[in-house]
Every structure is written in C-alpha cells, then in structure tokens.
Amino acid sequence: MDQLTIARPDDWHLHLRDGEALRAVVLHTAQRFGRAVVMPNLKPPVTTVAAALAYRSRIHAALPPDCTFNPLMALYLTDNTPVEEVDLAADTAGVIGFKYYPAGATTNSDAGVTDLARVYPVLERMEERGVPFLVHGEVTDGDVDVFDRERVFIERTAAALVRRFPRLRLIFEHATTLDAVQFVRAQGAQVAATLTPQHLLNNRTDMFRGGLRPHLYCLPVLKRERDREALLDAATSGSPKFFLGTDSAPHAKHLKEHSCGCAGVYSAHAGIELYAEAFDSVGKLDRLEGFASHFGADYYGLPRNTSSITLRRNAVAVPASFPFAGGELVPYRAGESLAWELVTGGCA
Ligand code: NCD
Ligand code: ZN
C-alpha cells in the first residue's frame, strides 16, 4: 500500500503553548487533525472554564479564518479545584475534561495535585457527570527510579483509583510501558489510553545512540524495547481502548540543548505521518484509521470526522529547525526524513 486515505484524525493530547509560540506551531496540527485536546500546563495553568475558553479563542485567532480545526480544552486540576467547576465543565462545549498532573511530575506542573485524596469530591462529581479524567500516570517520589514511575503509579495509585471510582472515565495519557498496556486492557471500557509516536518508534537506548540526544527526551521518558513493542502491539491491535495522542510539546532549542534540558518532543509537523510509519513497520496500516480517526472520538462520545486526509509513501526531508518565538524549534527527525507524506490536509 503506497497511498492511504483515512477519515481526518484527531490528536487527543497536545501542547500548543501560547502567544508567539502558539502561532509558530498550531498550523502543523490544524493541517492534519480535525480536533485536538489542548493541555492546560501554561504559566499560570489553565484551571477554570473561563480561562480555558479565553485560551481557546486565542487558538482560534492564531489560525486562518476558514480553518475548521476544533480545539478541545482540558482543565488543570489542582488541590483547590471547586466541585462546581466540574459542573461548569460538563455543561461547556469546547471543554473536554480535567487533566491530572502529580505536583512536580513534568513541565509546569508545580500547581498539580499533591495528594489525590484531596480531590476525591471533585472526582466523585466527575464520575457522576461523566466528565473525563486525563491522567499523567507517574509518581513523583524522589526515591522511585525515573524508569519505574509509571509502573509504581499503577501499583500505588491507579489500581486504587479505578476501584474507588469504577465508572470514572479515565484516560491514561501517553502510556509508555507494558505495565500500562496490561492495566488499561484489564479495565472496562471507561478506561482508555493515548499513545505518542515517539513511544511507538523509539526505545530508551535511542536516547543515547552515539551520544546524548536531548530532542528524544520527554516525560514519561522512553522505556525499554519490550515496552515499545507492547505499545505498538496495543496501538495496532484494533482495540478501541488505545488511540492517538501525540503529546507534541514544543520547547525552544536552547532550552532542550541545555545543562538541564526541558522534557518534550515536538512531533506536530509529522503528527500523523509518524504513526503511519509505525503501523507500516508491523504491516498494520489497515488499523491506522481506527486508532487515529475513530476510537478517540467514540470514547469521548463525539462524532467521527466526516472529511478525510491522504498520505503517500514518499521520503520527505524534515528541516533542522522551525522558527519559534524569536528562536528555533528542533522537530522530531530533524535533518532526517519521514517515510510518509501528507498529500491532502486542511487549513492550508
Ligand atoms: C510536556 C510539556 O513540555 O509540556 N512535556 C513532555 O515531556 N511530555 C509535559 C507533559 O505532558 O508531561
Ligand atoms: Zn503532555
């Protein structure tokens, strides 16, 4: 198969930033995806429906006027989120759910939840109202090895969470381990997971291939080859519990190539092409459309996109960098090539 037309995909986990940075990146996503779940880890974080709707307007303003791209906003859950905000979120189109960051887990997560027990009343209301809970599934305890943080989160937190809130719609964001795949598979249909392109295409050894490669550093960090294989197997299995979420997370080049480099891989420029490559690597291109264009919408109870995109097998060079808010942004595969090319997109 050298050409593939699928229903327009959606990106169920995306970082767009704000201001000049937003304007530098948003078109890459809008050309490929019909909708994206936009993460709220701005400075300050997007904790209220009012702030999310204002941010959503800034995203629309950064796009060409005829562009139909639809940003769906995630609210940042804090220790102090009032229960009433859940009702407001449930009743607001354009707001998709709440994002849980354990305090200190990743970029701009200082305002994250310090102890889940503090937000049990909020989770109860989310369960009642069917509001999705988007989870960064890592513990942050300093004594837990960085490669074990996801597994330990499942043991210490996620298992108890799904027992206590059996109807809570929980998305295990950017799952990176065999353990997470097994956990998600073992739950009912209310528990799902998003998978990033880099975790389907790379393992942790790639981060050290020939030297330290900061542009492959993200959180949760890349894991072992057996984890990558389990994720790719889940993505291509046809199970509706696993769907596309790039976690594309732009950081300026000088902050990635730094003595204390930021976590985040920028993949929006190839946000569907990379998944085509991953699926093709195991002969499962026929499963791409379900994963990229159907299962996420079905999970969130939203209509599937009616327009389509076409991809063609063709080596396309990736630039060394893109302009980014007065600096540079080094994309995934910078200076190398992609195996698939987007022929017809949107928001040109
Ligand atoms: C994200 C970012 O930069 O905002 N970084 C990352 O490595 N994925 C934060 C996140 O999603 O953890
Ligand atoms: Zn993210």
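The values are calculated or read from the model by the stated rules, or taken from the named source; none is laboratory data. What you are looking at is a predicted structure, and each value in this text was computed from that prediction instead of being measured. Virtual Cβ from ideal backbone geometry, glycine too; neighbours counted across all protein chains shown.
For the stretch 83-112, how many residues are without any contact (Cβ under 8 Å) to a residue 60 or more places away in the chain and within 14 Å of ligand 1 (Cβ to nearest atom)?
6
Restrict the check to the stretch 36-57 and report whether at least one residue is within 16 Å of ligand 1 (Cβ to nearest atom), surrounded by fewer than 24 Cβ atoms within 10 Å (Cβ to Cβ), of a type in the set (S, T, Y) and modelled with pLDDT of 95 or more.
Scanning the stretch 36-57 turns up at least one residue that is within 16 Å of ligand 1 (Cβ to nearest atom), surrounded by fewer than 24 Cβ atoms within 10 Å (Cβ to Cβ), of a type in the set (S, T, Y) and modelled with pLDDT of 95 or more.
Taking the stretch 182-215 as the search range and keeping residues that are within 14 Å of ligand 1 (Cβ to nearest atom) and touching an Asp or Glu at 6+ places or on another chain (Cβ under 6 Å), which one is nearest to E273 (Cα to Cα)?
T196
Residues to consider are S248, S281, S267, S293; find the one that is surrounded by fewer than 21 Cβ atoms within 10 Å (Cβ to Cβ), small (G, A, S) and on the phi < 0 side of the Ramachandran plot.
S281
Condition check ((1) among the acidic types (D, E); (2) within 16 Å of ligand 2 (Cβ to nearest atom); (3) under 21 Å from G290 (Cβ atoms); (4) touching a Ser or Thr at 6+ places or on another chain (Cβ under 7 Å)) across all residues:
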{"residue": "V162", "(1), (2), (3), (4)": "no, no, no, no"}
{"residue": "Q190", "(1), (2), (3), (4)": "no, no, yes, no"}
{"residue": "T194", "(1), (2), (3), (4)": "no, yes, yes, no"}
{"residue": "T205", "(1), (2), (3), (4)": "no, no, no, no"}
{"residue": "G210", "(1), (2), (3), (4)": "no, no, no, no"}
{"residue": "S239", "(1), (2), (3), (4)": "no, no, yes, no"}
{"residue": "F242", "(1), (2), (3), (4)": "no, no, yes, no"}
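Among the candidates G104, G130, G137, single out the residue that is surrounded by fewer than 16 Cβ atoms within 10 Å (Cβ to Cβ) and within 16 Å of ligand 2 (Cβ to nearest atom).
G104
Give the residues of the stretch 217-229 that are without any contact (Cβ under 8 Å) to a residue 60 or more places away in the chain, buried (at least 18 other Cβ atoms within 10 Å of the Cβ) and either in contact with an Asp or Glu (Cβ under 6 Å, 6 or more places away or on another chain) or part of a helix (DSSP H, G or I) (or both), sorted by residue number.
Selection gives D227, R228.
Yes or no: the stretch 232-247 includes at least one residue that is assigned to a helix (DSSP H, G or I) and in contact (Cβ under 8 Å) with a residue 60 or more places away in the chain.
no
I need the full set of residues from the stretch 108-147 which are modelled with pLDDT under 95, of a type in the set (G, A, S) and within 30 Å of N203 (Cβ to Cβ), in order please.
Of everything in the stretch 108-147, those that are modelled with pLDDT under 95, of a type in the set (G, A, S) and within 30 Å of N203 (Cβ to Cβ) turn out to be S109, G112, G142.
Give the residues of the stretch 1-35 that are of a type in the set (S, T, N, Q), surrounded by fewer than 22 Cβ atoms within 10 Å (Cβ to Cβ) and closer than 19 Å to P197 by Cβ, sorted by residue number.
The one that is of a type in the set (S, T, N, Q), surrounded by fewer than 22 Cβ atoms within 10 Å (Cβ to Cβ) and closer than 19 Å to P197 by Cβ: Q31.
Just for the stretch 299-333: of the residues that are over 20 Å from the mean Cα position of the chain (by Cα) and in a loop (DSSP other than H, G, I, E, B), which one is nearest to R17 (Cα to Cα)?
A325
Just one of (1) of a type in the set (D, E); (2) within 15 Å of P9 (Cβ to Cβ); (3) touching a Ser or Thr at 6+ places or on another chain (Cβ under 6 Å) trips up E328, so point out which.
(2)
Please tell me if V144 is away from ligand 2 (no atom under 16 Å from the Cβ), assigned to a loop (DSSP other than H, G, I, E, B) and either free of Cβ contacts under 8 Å to residues at least 12 places away in the same chain or crowded, with 23+ Cβ neighbours inside 10 Å (or both).
For V144, the condition - away from ligand 2 (no atom under 16 Å from the Cβ), assigned to a loop (DSSP other than H, G, I, E, B) and either free of Cβ contacts under 8 Å to residues at least 12 places away in the same chain or crowded, with 23+ Cβ neighbours inside 10 Å (or both) - is met.
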